[in-house]
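Step one of this worksheet: look at the structure below.
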Amino acid sequence: MKRRTFCASTLALASTSGLSLKRVLAAASIPAGIPVIRSDGKQVTLTASDVTDLKGGIRGELLLAGQTGYDQARKIWNGAFDRRPALIVRCVGAADVSQAVAFARAHNLLVAVRGGGHSLSGQSVCDGGLVVDLSAMKSVHIDPIAHLARVEPGVLLGEFDREAQFFGLVTPAGTVSHTGAAGLTLGGGYGRLTRRFGLACDNLIGADVITADGRYVRASEQENPDLLWGLRGGGGNFGVVTAFEYRLHPVASMMYGGHLMFSPEDTPDALRFFAGFAADTPDELYLDAALVRVPNLGRVMVCDVCYSGAVQQGERVLEPLRRFRKPIQDALAPTTYVTLQASGDVASAAGRGYYERSGFLHSLEPGLIDASLAIMDEPQAAGDIVFWQHGGAVSRVKPDATAVWHRDAARSLLVDADWDDPHDEHARDVGMQWARETWHKLEPFTDGFYVNTMAGDDPHQRVRSTYGGNYPRLVKLKDRYDPTNLFRLNANVPPSSTGGRS
Ligand SMILES: Cc1cc2nc3c(=O)[nH]c(=O)nc-3n(C[C@H](O)[C@H](O)[C@H](O)COP(=O)(O)OP(=O)(O)OC[C@H]3O[C@@H](n4cnc5c(N)ncnc54)[C@H](O)[C@@H]3O)c2cc1C
């Protein structure tokens, strides 16, 4: 059992040394020594005094193992990661973030940064290190006149959409409403409106950042524009963003969308038709296709649809796809954007186990279609294959205008495995093995990948190549803003001092 240090001697020390009451109260729940993992992987012990100082210096909470709220706070969306940080600093403002970062830097701790907690690779939580937890920072302020939003890093997409849509405005983001805006934006941000308005990061016009030395830096077109460039797709490499400023766009709240499902017999032809049809659609149309196995039915194709222009125009645009083969489920209808954004929430519920591999596609070529159908024809297929649509406004931005290099990608290929009970090791092994084998067969069709869908076992070389010609500039930024690689749990761009090693 851990020894507690709060005793008469602590009070006596407080009265003689003039420590604040806050520090005394903070000391009440701190164990004598806390083992922590440093960024070099070594274990050291923090003294109670160190940790008491940290706790006394923040406005939010410091959560340690065994304390109320700790087990809840260490959970992230992907239940496959059951990690136990030594310290979770639940920040409520930029000052807390600065304090947590300075503390981590001073003690050379392993640091994870958590926004919405949806990291597929589990990197927003770590074993033995310090988590800068931003999930309590929830404010969204919409300026309906200037069409701007200021959003804190704990905000989820559904929360942001709700506020912006109240004013008939939107910024493009993802496709599942419980995803965090922070991590999504920093890695790029593809969603139902990105073909029309660009990536989420293309609409990021300013950010408040706490850099690795605990300093506040403003990033905008006017101040530190190089940093803004890096935050637009370069992920969490350069600091902790405590506020995001986005450009907003007016949209009608009623859109046209939902899903279509094609029978197992029609799926091969429907997928081939889809490949040509979806290659040439208006920017207002978002259309993806997934091959999934449905119990008692077999392998089917399901399309997710959102048309953000006029409803009647959407009906006309989708007609050829509906007419080519009659869907066995046709759930396209006029609906609100907010409803569409929440339509995938249950299927991607938090707490289950997930594993994903992904890569960009230039086209849906016949060889890829045939290989994907053959894989999903197998009754033991333990996951889904998704063809996620990009293009449109995303591809009209130059590759070196932001950190996102692969602007010409038409789609992403996603290979997904999931299992209900994250502690079921058999289900996990079956799912992950299927996904890895499937990926091995399909990876040759891909070129680069989206860093926000990185898997825990993706090799670092992939990160380097996906940033393409932007990589050297990202390294320069890293050297400037995080020369010791404090922020390494991400799609890491190591500073040159490490010789390129994460
Ligand atoms: C169910 C689901 C649906 C998804 N759908 C989409 C989609 O439609 N489109 C899309 O583009 N992506 C999508 N993604 C991927 C998503 O963009 C990433 O998982 C993203 O990292 C989530 O952000 P978060 O804040 O929730 O994640 P977190 O797990 O909190 O953070 C992920 C990483 O982002 C960095 N980070 C987070 N916040 C900050 C901050 N404030 N400052 C600095 N670094 C920070 C850290 O490196 C952290 O490790 C989806 C993911 C899931 C799980």
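Would it be correct to say that ARG162 is more than 13 Å from the ligand (Cβ to nearest atom) and farther than 20 Å from VAL217 by Cα?
yes
Can you tell me which residue is nearest to the ligand (Cβ to nearest atom) among those in the range 417-455 that are of a type in the set (Asp, Glu) and out of contact with any helix residue (DSSP H, G or I) (no Cβ under 7 Å at 6 or more places or on another chain)?
ASP420
Looking at the range 307-325, can you tell me whether even one residue there is of a type in the set (A, V, I, L, M, F, W, C) and within 15 Å of the ligand (Cβ to nearest atom)?
Checking the range 307-325: not a single residue is of a type in the set (A, V, I, L, M, F, W, C) and within 15 Å of the ligand (Cβ to nearest atom).
Table: residues versus (1) surrounded by fewer than 19 Cβ atoms within 10 Å (Cβ to Cβ); (2) aliphatic (A, V, I, L, M); (3) closer than 27 Å to GLY115 by Cβ; (4) out of contact with any Ser or Thr (no Cβ under 8 Å at 6 or more places or on another chain).
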site: VAL176; (1), (2), (3), (4): no, yes, yes, no
site: THR194; (1), (2), (3), (4): no, no, yes, yes
site: ILE210; (1), (2), (3), (4): no, yes, yes, no
site: TRP229; (1), (2), (3), (4): no, no, yes, no
site: TYR256; (1), (2), (3), (4): no, no, no, no
site: MET261; (1), (2), (3), (4): no, yes, no, yes
site: ASP269; (1), (2), (3), (4): yes, no, no, yes
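From ARG114, ARG90, which residue is buried (at least 22 other Cβ atoms within 10 Å of the Cβ), more than 10 Å from the ligand (Cβ to nearest atom) and among the charged types (D, E, K, R)?
After ruling out the rest, the residue left standing is ARG90.
Between residues in the range 121-136 that are touching a residue at least 60 places away in the same chain (Cβ under 8 Å) and residues that are among the hydroxyl-bearing types (Ser, Thr, Tyr), which pairs lie under 9 Å by C-beta distance while being six or more apart or on different chains?
What qualifies is SER121/THR453; GLY129/SER39; ASP133/SER124; LEU134/THR242.
Scan GLU245, GLU223 and give me the residue that is surrounded by fewer than 22 Cβ atoms within 10 Å (Cβ to Cβ) and either within 14 Å of the ligand (Cβ to nearest atom) or assigned to a helix (DSSP H, G or I) (or both).
GLU245
Could you please find all residues in the range 36-76 being of a type outside the set (Asp, Glu), under 27 Å from the mean Cα position of the chain (by Cα) and part of a strand (DSSP E or B)?
Within the range 36-76, VAL36, ILE37, ARG38, LEU62, LEU63 meet the criteria.
Checking GLY448 against (1) at negative phi; (2) within 23 Å of the chain's Cα centre (by Cα): exactly one of these is not met. Which one?
Here GLY448 meets the rest and fails (1).
Hey, among the residues in the range 340-363 that are more than 10 Å from the ligand (Cβ to nearest atom) and exposed (fewer than 15 other Cβ atoms within 10 Å of the Cβ), which one's farthest from the chain's Cα centre (by Cα)?
Checking each candidate, the answer is SER363.
Any chance you could count how many residues in the range 64-85 are within 16 Å of the ligand (Cβ to nearest atom) and free of Cβ contacts under 8 Å to residues at least 40 places away in the same chain?
Within the range 64-85, residues that are within 16 Å of the ligand (Cβ to nearest atom) and free of Cβ contacts under 8 Å to residues at least 40 places away in the same chain number 1.
Scan the range 359-393 for residues that are within 21 Å of GLY448 (Cα to Cα), among the small types (Gly, Ala, Ser) and not in a helix (DSSP H, G or I) and jot them down.
GLY359, SER363, GLY391
How many residues, within the range 165-180, are within 16 Å of the ligand (Cβ to nearest atom) and either assigned to a loop (DSSP other than H, G, I, E, B) or under 16 Å from the mean Cα position of the chain (by Cα) (or both)?
The qualifying residues number 10.
Any residue that is surrounded by fewer than 24 Cβ atoms within 10 Å (Cβ to Cβ), part of a strand (DSSP E or B) and in contact with an Asp or Glu (Cβ under 8 Å, 6 or more places away or on another chain) - is there at least one of those in the range 95-106?
no
Going by the structure shown, is ALA427 among the hydrophobic types (A, V, I, L, M, F, W, C) and either crowded, with 19+ Cβ neighbours inside 10 Å or free of Cβ contacts under 8 Å to residues at least 60 places away in the same chain (or both)?
Here the answer is no, as ALA427 does not meet what is asked.
May I ask you to list pairs of residues, at least six apart or on different chains, whose Cβ atoms are under 6 Å apart, with the first in the range 335-363 being closer than 18 Å to TRP419 by Cα and the second being surrounded by fewer than 16 Cβ atoms within 10 Å (Cβ to Cβ) and of a type in the set (D, E, K, R)?
ARG352/ASP420
None of the figures in this text is laboratory data; all of them are computed from the coordinates on show. A quick note: this is a predicted structure, and the numbers were derived from the prediction, not measured. Don't worry about glycine lacking a Cβ; one is built from the backbone with ideal geometry, like all the others, and counts go over all protein chains shown.
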